[in-house]
Amino acid sequence: MLRRLLALLVLTAPAAAVADSNDLILGRLTNRTDDGAGGETIIPQNAELRSLASELGVVLAPHMLTPADTVGFGGFQFTVDYTMTTIDADAPHWRAREESGNTPSSLTTVGFFARKGLWFPVPSFEVGGGATHLVDSNIWTAQLYTKVAFVEGYHQLPIPSVAVRGAVSRMMSQRELDLTIASFDIVASKHFGIGGTWRLDPFVGWNLLMVIPRSEVIDPTPHIDPLDPDNFDDSMKSFVFKDQDLIIRNRFMVGVKLQFSVVQLTAEATFALKGTSKDDRSGTNVECMPASTTTVCDAKDTAGAQRTISVSAGVDF
């Protein structure tokens, strides 16, 4: 009886929360200097946070993965998406990864999406939503978008379909960082029928990304218990990264959708230009340097160019 009780307790006990290799520890993005009194001064590195948010924003941003034509006001689409996005593995801001000593050259996401055409407010109107998971992490994003096709359906004429889309992605499950990615897309595509049974829709597009990082309270010494009377001063070391100006990234995409009956497969390649935006702090024109000893400086986005390969499989009704 005792053995059964012990076994039941083991099976029903909650598992300890374990961070995965791609989870974030923002307390590492600091410069720690001697305060002259046997302690240390912790200076948040705003430039590193900006570059980290910029690269991660491209990884978690909404992907197009559809031609300009909508699914039609009576149509549905359900897909599973898989993407791989390059990152600068040698950049110092990636020490914020849980497994900082072995940063990969790319990050992988898996997403699940549904799209529906609507008559309102215009005939060529489409909405969609879903969720994306960063592999080897606890990070999920919720994504929503709306698309309006200004030109579509002229498949017998040498006229491409043209649409615009607005989308938003909101990162969840990370207690130290709130990350919101808004995007605006322009896409053009052309429909081709093959043998009366297959349809081929190549597309090209441009995308403007707007990344908004917001810091929560960060404990730079998570291994120290602040409730221990001997560590009373440790809670004073907690800090928050100050809000930064909008991060802007530009992306260009090319892809193709192949469909047979209700089954479709879409492949897309995306190229994001390197980051150039700057957080312009009032009262200074000094740019933040590596291992900065002050937060009163302008943080420049040093994220390099990034490439994304995406594949989407699903059904259209």
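The values are calculated or read from the model by the stated rules, or taken from the named source; none is laboratory data. Remember, predicted model here, so these are calculated numbers, not experimental data. Neighbour counts are summed over all protein chains in view; Cβ atoms, including those assigned to glycine, are modelled from backbone coordinates with ideal geometry.
Quick notes
- Residue within region 197-213 that is buried (at least 16 other Cβ atoms within 10 Å of the Cβ), assigned to a loop (DSSP other than H, G, I, E, B) and at pLDDT below 95 present: no
- Breaking point among (1) crowded, with 21+ Cβ neighbours inside 10 Å; (2) without any contact (Cβ under 8 Å) to a residue 60 or more places away in the chain; (3) assigned to a loop (DSSP other than H, G, I, E, B), for Glu126: (3)
- The set of residues in region 22-66 being more than 17 Å from the chain's Cα centre (by Cα), among the aliphatic types (A, V, I, L, M) and farther than 18 Å from Asp219 by Cβ consists of Ala37, Ala47.
- Some residue of region 103-110 being crowded, with 18+ Cβ neighbours inside 10 Å and either aromatic (Phe, Trp, Tyr) or at pLDDT 95 or above (or both): yes
- Strands (runs of 3 or more DSSP E) contained in region 139-194 and holding at least 2 residues crowded, with 16+ Cβ neighbours inside 10 Å: 140-151, 161-172, 177-189
- Among (1) among the aliphatic types (A, V, I, L, M); (2) buried (at least 22 other Cβ atoms within 10 Å of the Cβ); (3) under 30 Å from Thr41 (Cβ atoms) - the single one Leu246 does not satisfy: (2)
- If you go through region 268-289 and keep only what is loosely packed, with under 15 Cβ neighbours inside 10 Å, among the small types (Gly, Ala, Ser) and in a strand (DSSP E or B), you end up with just Ala269.
- Of the criteria (1) in a strand (DSSP E or B); (2) modelled with pLDDT under 95, which one Arg249 fails: (2)
- Residue in region 92-103 that is within 22 Å of the chain's Cα centre (by Cα), within 18 Å of Gln264 (Cβ to Cβ) and in a strand (DSSP E or B) present: no
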